[in-house]
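Readers should treat all values here as calculations from the given coordinates under stated rules, not as data from a laboratory. Quantities reported herein were computed from a predicted structural model and do not represent experimental measurements. When we count neighbours, we look across all protein chains shown, and the Cβ atoms used for this are built from the backbone with ideal geometry, even at glycine.
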Amino acid sequence: MKYEIYGIKFRKLRKQQHLSLKQAAEGVTSRQTLGNWELGKGDMDFTKVLLLLRKIHVQPIDFLENSVSEYLRQITGEISSMYVNDQTDNLHQYAQHALNVSHDNVKDKIAFFEHVLPVTIC
């Protein structure tokens, strides 16, 4: 899973359960790989994410829904702030970037979600 938000969210949940990186990673992945993913610096196979979620007793649907909701709240907040502060140049740059990404990755649903959907919402 490429989304940086998932690793960050997992880290928060892991720490709430007082699990070390080593404990959480054991039998699933390396401590270093998990640490990188939690910091948004690496990727994690979805199957491994499911195993990690099982270790912290979190249902996958709850994890995904909450993570996406946080991401959308953050992005819409940033866009709203640009709009309220009349930062039209920043809004234009954001929209142009999202369009470029969507054109370059027409079949990439993740790229679409990350860059185009938030623009569409506003």
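Note on residue 89 and residue 39: with the Förster distance fixed at 30 Å, the Cβ-Cβ geometry gives a FRET efficiency of about 0.45.
Name the trypsin sites (Lys or Arg not before Pro) in segment 2-67 that are in a loop by DSSP and that have at most 15 other C-beta atoms within 10 Å, would you? When the trypsin sites (Lys or Arg not before Pro) of segment 2-67 are filtered for loop state and at most 15 Cβ neighbours within 10 Å, 2, 41 remain.
Relative to the compact-globule estimate of 2.2 N^0.38 Å, the Cα radius of gyration of segment 1-49 comes out at 0.99. Label positions at residue 57 and residue 12, each projected 7 Å from the Cα along the C-beta direction, are separated by 2.0 nm. Basic side chains Lys and Arg get +1 at the Cβ, acidic Asp and Glu get -1 at the Cβ, and with that the dipole of segment 11-69 about its Cα centre reaches some 280 debye. As an exercise, use a Förster radius of 30 Å and the Cβ-Cβ distance of residue 50 and residue 78 to find the FRET efficiency, rounded to the nearest 0.05. With R0 = 30 Å, the Cβ-Cβ based efficiency is 0.50.
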